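Asks: If you scroll down you'll find the structure; I have some questions about it.
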Amino acid sequence: MNRVLVALDVATADEALALADRLQPHVGGFKVGLELLMGEGSSVVSSLAALGSPVFVDAKLHDIPNTVGKAVERLGSLGARWVTVHASGGGEMVRVAAEALNESSGGTAGVLAVTVLTSMGEYELAEIGIDRPLDELVSSLARSASAAGAEGVVCAVTEARLVQALGLGLTVVTPGIRSAQAEASDQKRVASPAAAIRAGSDLLVVGRPITGAVDVVAAAIAIGEEIDAAVSAT
């Protein structure tokens with residue numbers, strides 16, 4: 001199992017497809033984020049799905065249940081394997097999304113519920129009036145998402161072990177993956193690929209360490225080897 005989902009955080013479908021074509025033999029799938037969705041539209045999802053690798057649509061939907069359900073239904077029909085919604089949208093929203101995605105994909109796709117963005121820490125949460133400890137908040141959101149039918153959650157590596165310990169059988173997807181030498185950039189809770197595996201991550205979203213490398217294929221292979229070594233050691 002290849003655990004790497006490459007974040008195609010580029011502006012055009014041509015760039016995304018060119019990267020995907022080169023990287024497909026070396027990674028487990030591709031993430032389509034808001035930049036690409038807003039620039040090219042949802043048709044890029046079907047173009048990537050046609051290559052044969054799983055497509056993770058990181059739409060981070062958060063709206064009334066009916067609106068989210070319709071959006072997720074559309075993405076599922078285009079070939080998305082996973083679609084993200086915010087767990088903070090509530091159990092009913094997550095439930096409607098999960099049911100719509102399951103139906104539109106023929107049972108092949110699942111919802112991933114975003115817990116707390118990796119760009120946020122307890123200071124940022126307090127700024128918006130959330131004084132609950134971060135671990136406690138992530139646990140509560142994960143339980144709610146699981147009860148509503150989510151396949152998994154998106155959380156920081158620092159919370160991956162916590163989610164796994166809940167025993168809910170959720171797939172744990174972690175962004176914010178950086179090499180030991182790389183800068184955290186705009187994310188606060190980051191970790192290396194090996195640390196993510198040790199913490200219990202099932203799938204790792206990797207962007208700039210691969211797509212910003214001089215040799216993207218070599219970078220993907222190196223990260224894959226680091227992950228394989230960590231898996232073997234656990």
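The values are calculated or read from the model by the stated rules, or taken from the named source; none is laboratory data. Everything numeric here is computed off the predicted structure, so don't read it as measured data. When we count neighbours, we look across all protein chains shown, and the Cβ atoms used for this are built from the backbone with ideal geometry, even at glycine.
Asks: Between a residue in the range 67-93 that is more than 22 Å from Glu136 (Cβ to Cβ) and any residue that is assigned to a loop (DSSP other than H, G, I, E, B), which pairs come within a Cβ distance under 6 Å, given they are 6 or more apart or on different chains?
Replies: Every condition considered, the pairs that remain are Gly76/Ser105; Gly76/Ala109; Leu78/Ser42; Ala80/Ala109; Arg81/Pro54; Arg81/Ala109.
Asks: Another question about this same structure. If you take the residues of the range 3-22 that are out of contact with any Leu (no Cβ under 9 Å at 6 or more places or on another chain) and touching a residue at least 60 places away in the same chain (Cβ under 8 Å), which of them is farthest from Val72 (Cα to Cα)?
Replies: Arg22
Asks: Pick from the range 149-192 the residues that are more than 13 Å from Gly207 (Cα to Cα), more than 18 Å from the chain's Cα centre (by Cα) and of a type in the set (Gly, Ala, Ser): which of them is modelled with the lowest pLDDT?
Replies: That would be Ala180.
Here's the yes/no breakdown for (1) modelled with pLDDT of 95 or more; (2) part of a loop (DSSP other than H, G, I, E, B); (3) surrounded by 24 or more Cβ atoms within 10 Å (Cβ to Cβ); (4) not charged (D, E, K, R):
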{"residue": "Asp9", "(1), (2), (3), (4)": "no, yes, no, no"}
{"residue": "Leu17", "(1), (2), (3), (4)": "yes, no, no, yes"}
{"residue": "Leu23", "(1), (2), (3), (4)": "yes, no, no, yes"}
{"residue": "Lys31", "(1), (2), (3), (4)": "yes, no, yes, no"}
{"residue": "Glu35", "(1), (2), (3), (4)": "no, no, no, no"}
{"residue": "Ser47", "(1), (2), (3), (4)": "yes, no, no, yes"}
{"residue": "Asn66", "(1), (2), (3), (4)": "yes, no, no, yes"}
{"residue": "Ala80", "(1), (2), (3), (4)": "yes, yes, yes, yes"}
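Asks: Can you tell me which residue among Ala71, Ala100 is part of a helix (DSSP H, G or I) and out of contact with any strand residue (DSSP E or B) (no Cβ under 7 Å at 6 or more places or on another chain)?
Replies: Ala100
Asks: Quick one: would you say Leu117 is surrounded by 14 or more Cβ atoms within 10 Å (Cβ to Cβ), in a helix (DSSP H, G or I) and either in contact (Cβ under 8 Å) with a residue 60 or more places away in the chain or within 18 Å of the chain's Cα centre (by Cα) (or both)?
Replies: Answer is no for this residue.
Asks: Looking at (1) at pLDDT 95 or above; (2) among the acidic types (Asp, Glu); (3) more than 21 Å from Ala49 (Cα to Cα), find the lone condition where Glu122 falls short.
Replies: Glu122 satisfies all of (1) at pLDDT 95 or above; (2) among the acidic types (Asp, Glu); (3) more than 21 Å from Ala49 (Cα to Cα) except (1).
Asks: While we're looking at this one, here's another question. Collect the residues in the range 137-165 that are of a type in the set (A, V, I, L, M, F, W, C), surrounded by fewer than 23 Cβ atoms within 10 Å (Cβ to Cβ) and more than 24 Å from Pro65 (Cβ to Cβ), keeping them in residue-number order.
Replies: Within the range 137-165, Leu162, Ala165 meet the criteria.
Asks: For the range 98-128, name all the residues that are under 15 Å from Phe56 (Cβ atoms) and not hydroxyl-bearing (Ser, Thr, Tyr).
Replies: Passing the criteria: Leu101, Ala109, Gly110, Val111, Leu112, Ala113, Val114.
Asks: Could you list, ordered by first residue, the pairs with Cβ atoms under 6 Å in which the first is in the range 25-49 and in contact (Cβ under 8 Å) with a residue 60 or more places away in the chain and the second is among the β-branched types (Val, Ile, Thr), at least 6 apart or interchain?
Replies: Every condition considered, the pairs that remain are His26/Ile221; Val27/Val4; Val27/Val6; Gly28/Val4; Lys31/Val205.
Asks: Part of a strand (DSSP E or B), within 12 Å of the chain's Cα centre (by Cα) and under 21 Å from Ala222 (Cβ atoms), is that true of Val57?
Replies: no
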